[in-house]
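J.: Take this structure first; my questions come after.
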Amino acid sequence: MNTEEILRRTSRSFYLTLRLLPHAMRGDASLGYLLARAMDTIADTPGRSLAQRADILHAAAASLGAPAIPAYDAAAWSDVPRDLAERYLLAGLPSLWHRMAERPSPARARLSGVLRCILEGQIFDLERFGPGASPLAEAELERYTFLVAGSVGEFWTDLAAAELPRFSADPQDVMRARGRRYGQALQLVNILRDRRMDEAMGRVYVSGDDTARWALQAREWLGEAGPYCQSLCSGRLRYATLLPALLGWRTLSIDASYAPGELTPMKVSRPEVRRWMRRALPVWWSRAAVARLVREAAA
C-alpha cells in the first residue's frame, strides 16, 4: 500500500481537502497529517498498556527534529491494529519521521512545532481520563482543542504564507488567530458529535448540561472560517479551506436533532458532502461567494 492510498484510507473526508490544496502546500500538509495520524493510532492501539502507549508518545516528542524515534519498534506496533491501512501507516512511521528530519530547516521547524503541540494534546488525552475521571474543565477543553487542532490552523496558515507568493489580503498574525479558532471549532464539532460514544468509554470532554453552551461556542469559532477564507488570494486554497467549515455546520445541525439514547454518532452523508462540494465551487473564482455559503451552511 503506497503513501497516497494510506492517506486516502486514514484521512477520510480530510483527504478531499488535502487533494485540493495547491501543489506547493500538499506535500508538507500530507506529511504532517500522516505523522499526527500515526501518533493518534499509537495512542488508541488496543492490546498495549497505557504506559506503553504513553512512553512512545513521550519518546516521539523528545525525538522531534531527529531522524528516528529510538524507542519505536515498527514491526511490533504495526502488527496490532485491525485496520490494514493503519498497519501500513505504523510500519511506515520510521520512513515518515526520517522524511520530516530531511526537510529544509523552515519546513522541518513548522512540522516539528505542530507535532509538538499535537503530541502534548494526545498525551494529555491519554493520561487525563483514568477510571472515574471528571469531565474536562473549561480551561482544559480550550487548551486541548488548541493543542490538537488550533495548532493545525496556525501551521496551515504558516505553510500557506511560506509557500504561496500571494497568500492573503490580511496580515499573517490576523490569519493565524483566525486559523487557530477555526481549527479549535472543527475539533469541538468532533467532540460534540462523538460525546455519547466517548462518555460510554469514560471520556467526558463536555458534560451533558454544557452541551448547548459548547455547541454555541463551536458555531462562534466556526464563524472565523468566513473571514479567513475570504481573505485567501488563491481560489483553490479558498475552496479547500472552506469545505471543512461547511461540513462542520452541517454536523452541528444534524447533532441537534440526534436521538438522546443513541451512541453511534450521525455524520454528514456522502451524497450531502458531494452536494456541498458542488455548491462551494463558486468560491474558487469569487471571494464574495464565501459569505453566501457561510450563511446557508450556518442557518
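Taken together, the values in this text are just the output of simple stated rules run on the coordinates, not laboratory data. Given the structure is predicted, the values throughout are model-derived calculations rather than measurements. Because the Cβ atoms are built from the backbone with ideal geometry, glycine has one as well, and the counts that use them run over all protein chains shown.
J.: In debye to the nearest 20, how big a dipole does region 1-128 give about its Cα centre with +1 on each Lys and Arg Cβ and -1 on each Asp and Glu Cβ?
T.: Result for region 1-128 is approximately 380 debye, rounded to the nearest 20.
J.: Moving on to the next point. With N denoting the number of residues in the chain, provide Rg(C-alpha) divided by 2.2 N^0.38 Å, to two decimal places.
T.: That works out to 0.98 for the chain.
J.: For region 1-128, report the convex hull volume of the alpha-carbon atoms normalised per residue, in Å³, without decimals.
T.: 101
J.: Could you go through region 155-170 in sequence order and give the Karplus-derived ³J(HN,Hα) for each residue, using 6.51 cos²θ - 1.76 cosθ + 1.60 with θ = phi - 60°, rounded to whole Hz, and x for Gly and Pro?
T.: Each residue's phi maps through the Karplus curve to give 4, 4, 5, 5, 5, 5, 5, 7, 9, 10, x, 10, 8, 8, 6, 10 Hz.
J.: Could you give the dipole magnitude of the chain about its Cα centre, charging the beta-carbon of Lys and Arg +1 and that of Asp and Glu -1, in debye to the nearest 20?
T.: That gives the chain a dipole magnitude of about 1300 debye.
J.: Okay, moving on. Based on Cβ point charges of +1 for Lys and Arg and -1 for Asp and Glu, what charge dipole magnitude is obtained for region 151-299 about its Cα centre, in debye rounded to the nearest 20?
T.: The dipole of region 151-299 has a size of about 680 debye.
J.: Taking neighbour Cβ counts within 10 Å as the exposure measure, how do TYR144, TYR182, TYR88 sort from fewest upward?
T.: TYR88, TYR144, TYR182
J.: Follow-up. Considering region 161-299, what Rg and Dmax in Å follow from its alpha-carbon atoms?
T.: When restricted to the Cα atoms of region 161-299, Rg and Dmax are 16.0, 51 Å.
J.: Using 1/(1 + (r/R0)^6) with R0 = 22 angstrom and r between the beta carbons of GLU272 and ALA74, what's the FRET efficiency to the nearest 0.05?
T.: Here the calculated transfer efficiency is 0.05.
J.: A follow-up question, please. For a footprinting-style exposure proxy, rank ILE123, ILE42 by other Cβ within 10 Å, fewest first.
T.: ILE123, ILE42
J.: Which ³J(HN,Hα) values in Hz, rounded to whole numbers, follow from the phi angles of region 199-212 under the Karplus curve 6.51 cos²θ - 1.76 cosθ + 1.60, where θ = phi - 60° and Gly and Pro get x?
T.: 4, 5, 9, x, 10, 10, 7, 10, 6, x, 5, 9, 4, 4
J.: Oh, and also: Counting only C-alpha contacts under 8 Å and six or more residues apart, can you give the relative contact order of the chain as a whole percent?
T.: Rounded, it is 17 percent for the chain.
J.: Return the FRET efficiency for the residue pair SER49, THR3: r is the Cβ-Cβ distance, R0 is 30 Å, and the value is rounded to the nearest 0.05.
T.: That gives a FRET efficiency of 0.50.
J.: Could you check how many percent of all C-alpha pairs in region 141-231 are farther apart than 22 Å?
T.: Result for the distance tail: 32 percent.
J.: When the chain is modelled as a GNM with alpha-carbon springs shorter than 10 Å, which of VAL206, VAL148, VAL268 fluctuates the most?
T.: In this elastic network of the chain, the residue with the biggest mean-square fluctuation among VAL206, VAL148, VAL268 is VAL268.
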